[in-house]
Each structure stands twice: as structure tokens, then as C-alpha cells.
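Asker: Right, I'll just put the structure down here and ask away after.
Throughout, read-outs are computed from the coordinates displayed, never taken from laboratory work. Nothing here was measured: the structure is a model prediction, and the numbers come from that model.
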Amino acid sequence: MGDEYVSVEHLFLSMLKQPSRETKELFREFGITPERFLQALSSIRGNQKVTSDNPEATYDTLEKYGYDLVERANKLFAQDIIGETQRLVDRYGWDNQAMKSNIYPIVWRMMRGEIDLEEAKRLSALEDWHLAKRQMTWFARNKDIVWKGLDEVHEYVYNVFR
């Protein structure tokens, strides 16, 4: 891997290459293979090498895979979501199915004076959070994705290294 420091990735990869009987069973149960691990690692790490004792700080994982929902709501309103909503309502009417999606009912309430801009932004971020939660449910139905709680992961890692 060409790294200057030993990282968790090295330890995990060595466990994949020479697993104990119990570890091998866990890897099989969760579908973890050296190839899948390296592929996931590559998507997070890219071509970066471990050149410090805190390499995770350089991965920009949150920036790459996530975003701040409040910031997103602020950007939507700054990019004229109000004008877009009015144009769509004028062109297609309110009964159009697309107008029932996350943001438009909130903007429409604001345009009618039921809520103010700050409340519309708050509700927009909340709706996005609910949508993300529903998407996690959809992902959970995928048999190839194994979801574990943080406590289970901590226990697993603890058991692997003790």
C-alpha cells in the first residue's frame, strides 16, 4: 500500500489474510473479503498514503459522502426555490405529483404566509433528514448490505483484537 505508518487498514487486511477460525466465520457471515475491503478502502482513501499518525483526518469522508442538511436548505432558498416553485405551480398546477415532493409543499406554505423563511428552512432540513432515513430503510432491504449498531461494531472489534 506504500504507507509510511501502520494503520488500522493494515491490521484489518492482515486479519483478512490470516484469520482465526472465529474471525474467518465472521468475515464469511458478513461477506467481507480482501477484495471487497480493498475496494471500499480505495473509495474512501483514493490514492492517499498513510503519512501521519492520524490518516483519517485527511480522507475528507464527511465532505465526500455527506453534507449538512441545514446548509443544503439555506442553499436551496438562496438559489430561488421560491421562484422555481411559483413557476412550476403556474405551469403545472398544484395537483401535479412532483409538487408533493419534499421541498415544494414547504415553500408553498411559506408563499401563502403560513410559515416564515426560517421555519421553511428548518422544515426543509427536517424533511431531508426524514428522506435520508427512508433511504436507509431501502438500503437495509438490500441483502448484500449488513447493518450493525455501533455497540455491535465496538464489541466485534474488541473481540477481534483481544
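Asker: When the expected Rg is taken as 2.2 N^0.38 Å, what fraction or multiple of it is the alpha-carbon Rg of region 69-140? Working shown, then result.
Answerer: On the way: Rg = 12.7 Å, N = 72, 2.2 N^0.38 = 11.2 Å.
Expressed relative to 2.2 N^0.38 Å, the Cα Rg reads 1.14.
Asker: Continuing with this model, one more query. Want the number for Asn159 to Ala132: 0.36 nm per residue separation, take away the alpha-carbon distance, what's left? Intermediate values should be presented prior to the final figure.
Answerer: Details: separation 27, 0.36 × 27 = 9.72 nm, distance 3.17 nm.
Length gained, Asn159 through Ala132: 6.5 nm.
Asker: Need the full-extension length gain, Ser14 to Phe30, defined as separation in residues times 0.36 nm minus the C-alpha distance. One decimal, nm.
Answerer: Extending this stretch completely gives an extra 4.0 nm.
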